[in-house]
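Student: What follows is a structure written as structure tokens; I'll ask about it next.
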Amino acid sequence: MRDEDKQVFEAAVAAIRDEGRYRVFADIMRERGRFPRARLRLENGETREIVVWCSNDYLGQGQSPEVLDAAHAALDTVGAGAGGTRNISGTTSYHVDLEKELASLHGKEAALLFTSGYVSNDATLSTLAKLFPDLWIFSDAQNHASMIEGIKRAKCERRIFRHNDLQHLEALINEAPPHAPKLIAFESVYSMDGDTAPIEAICDIAEAYGAMTYLDEVHGVGLYGHNGGGVAERDGVMHRVDFIEGTLAKAFGTMGGYVSGPASAIDAIRSTASGFIFTTSLAPSIAAAALESVRIVKACPHMRDRLAERADRLKAMFKDAGLPVMAESTTHIVPVLVGDAALCKLTSDKLLFEHGIYVQPINYPTVARGAERLRFTPSPFHDDDLMEALVRAMQTVWAEVMAERAA
């Protein structure tokens, strides 16, 4: 590589460092059976115990003995890898049964597995535009990057409506020809602010204008609704949403993504989406673990109740301590606004290295500049002692950081 080529890469990284948002990955090892505790490996090779406060393993299912047993049984039965794409030797009974379980979870005719939630959004949304050449897509302004990328790749007419602004959505839909196919793409839980979409009202607009609906339940599935079908199930509108997309990497504690919907639509996506056709399928052990996890979560509403109680308690404790927990959150996500990239990183570093508390700073481009924050995700396993230790540490660090800002 030429020196001038290397300088391009170095300049890109230097610019990120100058803004105070250079990302450093914490080298951590989760300890089986001790979630949310883990060990952090330091630069000198030594390790220390930490408490993880930013995991998306919302219910701790990645540590469930039954889930681990299912993974081990699959490993012992069929081996490590799938051996190919779904079309070429990569489909096992674990994959087929998991798709049936996910379709049932959302009350849909069929579901299709992908290797991640990012891929399921990107591949599905871009493929829908191929199936409907005249498609208009209406996307919430705070949709996830995977949805944005899929919609961009769709190369169809697209309009961005202000976050949860139904009047703006309806005004934009009126710009489309009356008989053009339309799709409204939105999320149930917006994972940075922790607010939710008005799903019923969006479905009302969709039905009035003949639009399809595409709902990302990544941060809702497993956590809301009596069976864990998500916010749409909780709100009693799951049957009104055409496509429900989700992940296996959060509430279910494994990895992978999926989309569910009408059987004919899922079959068309299966047959035409390059993001599905040309990639090796999930390892059978992962599919088996996910299948067991979905079944457990579906049957255990008390896990959801405990998660909600833990999140509400942490929000109240932060507020009582005078910490700026963001009022937008009505869900299990507990964001604390910092508003400066460098100070957000400094706060995170102090919590980790001085108090053994791991929470990752959330900076641009994940959130807008000036909206930097710490995003806490309490689980059913974060007990009162851990919460009290966290609040004490936050008070100490916050005072130090605010003093530095004032100076």
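The values are calculated or read from the model by the stated rules, or taken from the named source; none is laboratory data. From a predicted model like this one, the values you see are computed outputs, not experimental measurements. Cβ atoms come from the backbone with ideal geometry, glycine included; neighbour counts cover every protein chain shown. Just so you know, the surface numbers come from the protein's heavy atoms only, side chains and all, with ligands and any DNA or RNA stripped out. Shrake-Rupley method; radii C 1.70, N 1.55, O 1.52, S 1.80 Å.
Student: Taking the options Gly117, Gly150, name whichever one is farther than 16 Å from Thr213 by Cα and surrounded by 22 or more Cβ atoms within 10 Å (Cβ to Cβ).
Tutor: Going through Gly117, Gly150 in turn, just one is farther than 16 Å from Thr213 by Cα and surrounded by 22 or more Cβ atoms within 10 Å (Cβ to Cβ): Gly117.
Student: A further question follows. Is it true that some residue in segment 70-90 is among the charged types (D, E, K, R), under 23 Å from the mean Cα position of the chain (by Cα) and open to solvent by less than 50 Å² (accessible area, probe 1.4 Å)?
Tutor: no
Student: Take segment 24-37 and flag every residue that is surrounded by 14 or more Cβ atoms within 10 Å (Cβ to Cβ) and closer than 24 Å to Asn363 by Cα.
Tutor: Ala26, Ile28, Pro36
Student: Out of all the residues in segment 167-201, which are within 30 Å of Ser55 (Cα to Cα), crowded, with 17+ Cβ neighbours inside 10 Å and modelled with pLDDT of 95 or more?
Tutor: Ile184, Ala185, Phe186, Glu187, Ser188, Val189, Tyr190, Asp195, Thr196, Ala197, Ile199
Student: Considering every residue within segment 57-68, establish whether at least one is over 26 Å from Ile333 (Cβ atoms), free of Cβ contacts under 8 Å to residues at least 24 places away in the same chain, open to solvent by 30 Å² or more (accessible area, probe 1.4 Å) and among the aliphatic types (A, V, I, L, M).
Tutor: no
Student: As an exercise: evaluate Asp349 against (1) assigned to a helix (DSSP H, G or I); (2) in contact (Cβ under 8 Å) with a residue 12 or more places away in the chain; (3) out of contact with any strand residue (DSSP E or B) (no Cβ under 7 Å at 6 or more places or on another chain); (4) closer than 22 Å to Ala26 by Cβ and give the number of the one condition it does not meet.
Tutor: (2)
Student: Related question: State all residues of segment 254-273 that are open to solvent by 50 Å² or more (accessible area, probe 1.4 Å) and small (Gly, Ala, Ser); if no residue qualifies, say none.
Tutor: Ser264, Ser271
Student: If only one of Arg295, Arg375 is in a strand (DSSP E or B) and either touching a residue at least 60 places away in the same chain (Cβ under 8 Å) or open to solvent by less than 20 Å² (accessible area, probe 1.4 Å) (or both), which one is it?
Tutor: Among Arg295, Arg375, only Arg375 is in a strand (DSSP E or B) and either touching a residue at least 60 places away in the same chain (Cβ under 8 Å) or open to solvent by less than 20 Å² (accessible area, probe 1.4 Å) (or both).
Student: Then there is this: Scan segment 358-372 for residues that are open to solvent by 10 Å² or more (accessible area, probe 1.4 Å), in contact with a helix residue (DSSP H, G or I) (Cβ under 9 Å, 6 or more places away or on another chain) and of a type in the set (A, V, I, L, M) and jot them down.
Tutor: Answer for segment 358-372, where residues must be open to solvent by 10 Å² or more (accessible area, probe 1.4 Å), in contact with a helix residue (DSSP H, G or I) (Cβ under 9 Å, 6 or more places away or on another chain) and of a type in the set (A, V, I, L, M): just Ile362.
Student: Restricting attention to segment 302-346, report how many residues are open to solvent by 40 Å² or more (accessible area, probe 1.4 Å), in contact (Cβ under 8 Å) with a residue 40 or more places away in the chain and within 18 Å of His382 (Cα to Cα).
Tutor: 2
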